[in-house]
Amino acid sequence: KDIPGTSAISPGSSKECAPDSESPSGTGEADYCRRILVRDAKGTIREIVLPKGLDLDRPKRTRTSFTAEQLYRLELEFQRCQYVVGRERTELARQLNLSETQVR
């Protein structure tokens with residue numbers, strides 16, 4: 001796939017996607033890899049190898065926007081104890097109106 005304006009990434013030598021001479025397809029390519037073409041800012045087309053399981057079309061998760069008060073409380077807790085777990089985490093999440101995942 002040729003994607004104009006996409007930054008190039010050097011293929012590198014990843015063990016996860018190294019060519020597999022014994023692959024059933026006979027192409028010498030591991031069945032769990034895919035190759036795509038990208039164009040860098042200079043217009044050079046490069047090939048990158050990615051795991052097939054990588055879902056590039058999935059929308060990214062939106063980043064949480066914390067209020068100034070939430071940030072202040074979270075920073076205070078972090079200074080006190082870097083790992084908030086159990087009831088403390090549940091209570092802090094409740095007080096700040098956040099999910100426990102957001103209070104990590």
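The values are calculated or read from the model by the stated rules, or taken from the named source; none is laboratory data. Computed from a predicted model, the values in this text were never measured in an experiment. Positions of Cβ are generated from backbone atoms using ideal geometry, with glycine treated the same way; all protein chains shown enter the neighbour counts. Quick note on the areas: whole protein, heavy atoms, side chains included, nothing else; ligands and nucleic acids left out. Shrake-Rupley method; radii C 1.70, N 1.55, O 1.52, S 1.80 Å.
Here are the numbers for this structure:
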| read-out | value |
| --- | --- |
| Within segment 50-89, backbone nitrogen closer than 19 Å to the virtual label 7 Å beyond the Cα of Gln95 toward Cβ | 66-89 |
| Exposure rank, largest accessible area first [Thr62, Thr67; 1.4 Å] | Thr62, Thr67 |
| Length released on extending from Arg104 to Arg39, taking residue separation times 0.36 nm less the Cα-Cα span | 19.6 nm |
